[in-house]
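Read through the structure below, which is laid out as structure tokens, and then see the notes.
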2 protein chains.
Amino acid sequence: MTEEVKAPGRARRLPRAVRERQILDAAVEVFSRHGYHSASMDEISEVAGVSKPMIYSYLGAKEDLFAKCIRREAGRLLEAVRAGIRTELPPDMQLWHGLRAFYRFVAEYRDSWTVLHRQALTVGGQFADEVTVLRTKAIDIVATLVVTAGTKQGLGQVAEFSGPALAVSLVGAAESLADWWLDHSDVSDGVLASWLMNLVWLGFNDLVEGQVWRPAG
Amino acid sequence: MTEEVKAPGRARRLPRAVRERQILDAAVEVFSRHGYHSASMDEISEVAGVSKPMIYSYLGAKEDLFAKCIRREAGRLLEAVRAGIRTELPPDMQLWHGLRAFYRFVAEYRDSWTVLHRQALTVGGQFADEVTVLRTKAIDIVATLVVTAGTKQGLGQVAEFSGPALAVSLVGAAESLADWWLDHSDVSDGVLASWLMNLVWLGFNDLVEGQVWRPAG
């Protein structure tokens, strides 16, 4: 029996779900490496070890494949962050664990992050929209946490505090720092999360304690 | 003398620089409204009150026009922020003025910000690269300010502090909040800047004073 005959036989034995996962894994890797426009279905097929006709039949053309990558990676990222937050802990510890879960995801699935944060936005259109939905969900998670904590501690009436604005700022800061991290990967996820906590949470605590920064003069 | 004869006569009397400015102003407006791909040269020509052949002759095709918009708006934004920072003031006040200048720019040139932050990234390629250069310059401005202040106050050795990471975080937070602001424009630039200062600068001051946030347990 030659290799050519054997290979399709092996291929048929794998369940479709496994094949699809192999294809998506390969696609995320190739899209991350080359960007959407330069990525080729040939390379995805080669990396996945799945024939091009099978890719088209299972997951569609390049555009569909990219959309499915984004949806899967966005779902994974949110799931990782949600799983990281331990709701029985105080809000600062919840935030701390959420941030670490986020950075651990970026470290472990660097290609996912690249596709989500860099490729999807630069390709635009429906892809960018999916990422906007993801960001909104992430902001909602943080906002719920911060608004609950802020309200409980009487920050509702403090002009220098806005829970939603803090959530938006923190998500922007965390993303920006994740991008920076791609070029400074010697820093640990704990250190990154600690930097953010030491800016954002110390400031939050000061407000709770009635300290306020106001422009001089 | 008919209108048709009079109009080209008037057109010729305007210096090229003025015409180019009219075209770029119109292009920024139209790109901001429709995005790069859907924007039409017909509409830009109509808004600018300049004929399409003249646009092509002065500034090139749509791609060139978009690139020139991004370059001009990026330059303007940086210039506005640099002009806002008054280097004779203490670092917190410099940051405060820089943030306000940034938000005033976003408020006054909302279309510029949309083109820079949303359109350029979603179109990708060289356009996204220009925006990355702009971000890097903005981060450098903040980093210089924060690292100088941090070093002067002995934060160089504090593990919970990193000047470059703070700069990256703050720029990400400021951008994210600017985006949020587009849908919440009843908030003043001073209030936005104050929210950021009250998170970031209070935290920074705490670190200076030896307070540190550490995970419990």
Checklist line | Within the stretch A:184-198, tally of residues that are more than 7 Å from every other protein chain (Cβ to nearest Cβ) and surrounded by 23 or more Cβ atoms within 10 Å (Cβ to Cβ) | finding: 2
Note to self: Here are the criteria: (1) more than 20 Å from residue A:178 (Cα to Cα); (2) within 11 Å of chain A (Cβ to nearest Cβ); (3) not acidic (Asp, Glu). Tell me which single one residue B:152 does not satisfy.
What the structure shows: (2)
Notebook entry, point to check: If you scan the stretch B:29-59, which residues turn out to be part of a helix (DSSP H, G or I), within 14 Å of another protein chain (Cβ to nearest Cβ) and in contact with a helix residue (DSSP H, G or I) (Cβ under 7 Å, 6 or more places away or on another chain)?
Noted result: B:31
Margin query: Being part of a helix (DSSP H, G or I) and either charged (D, E, K, R) or touching a residue at least 12 places away in the same chain (Cβ under 8 Å) (or both) is the filter here; which residues of the stretch B:184-193 pass it?
Written below: B:189, B:190, B:192, B:193
Next item on the list: Could you identify the single residue in A:201, A:213, A:181 that is surrounded by 19 or more Cβ atoms within 10 Å (Cβ to Cβ), within 11 Å of chain B (Cβ to nearest Cβ) and at pLDDT 90 or above?
Entry: A:181
Item checked: Unmet criterion (only one of (1) over 30 Å from residue A:167 (Cβ atoms); (2) in contact (Cβ under 8 Å) with a residue 24 or more places away in the chain) for residue B:79 -> (2)
Next item on the list: Answer yes if at least one residue in the stretch B:83-95 is crowded, with 19+ Cβ neighbours inside 10 Å and modelled with pLDDT of 95 or more, and no otherwise.
Entry: no
Next item on the list: Sort out which residues of the stretch B:76-106 are more than 14 Å from chain A (Cβ to nearest Cβ), of a type in the set (Gly, Ala, Ser) and over 12 Å from the mean Cα position of the chain (by Cα), and write them in order of number.
Entry: B:83
Note to self: So the check is Cβ under 7 Å with 6+ separation or different chains; which pairs have a first residue in the stretch B:120-141 that's within 9 Å of another protein chain (Cβ to nearest Cβ) and of a type in the set (Lys, Arg) and a second one that's crowded, with 20+ Cβ neighbours inside 10 Å and part of a helix (DSSP H, G or I)?
What the structure shows: B:135/B:171
Check: Which one of A:120, A:101, A:74 is surrounded by fewer than 23 Cβ atoms within 10 Å (Cβ to Cβ), out of contact with any strand residue (DSSP E or B) (no Cβ under 7 Å at 6 or more places or on another chain) and closer than 30 Å to residue A:54 by Cα?
Finding: A:74
Next item on the list: For the stretch B:162-174, enumerate the residues that are surrounded by fewer than 23 Cβ atoms within 10 Å (Cβ to Cβ) and within 8 Å of another protein chain (Cβ to nearest Cβ).
Entry: B:164
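The values are calculated or read from the model by the stated rules, or taken from the named source; none is laboratory data. Everything numeric here is computed off the predicted structure, so don't read it as measured data. A quick note on method: Cβ atoms are made from the backbone with ideal geometry, for glycine too, and the neighbour counts reach across all protein chains shown.
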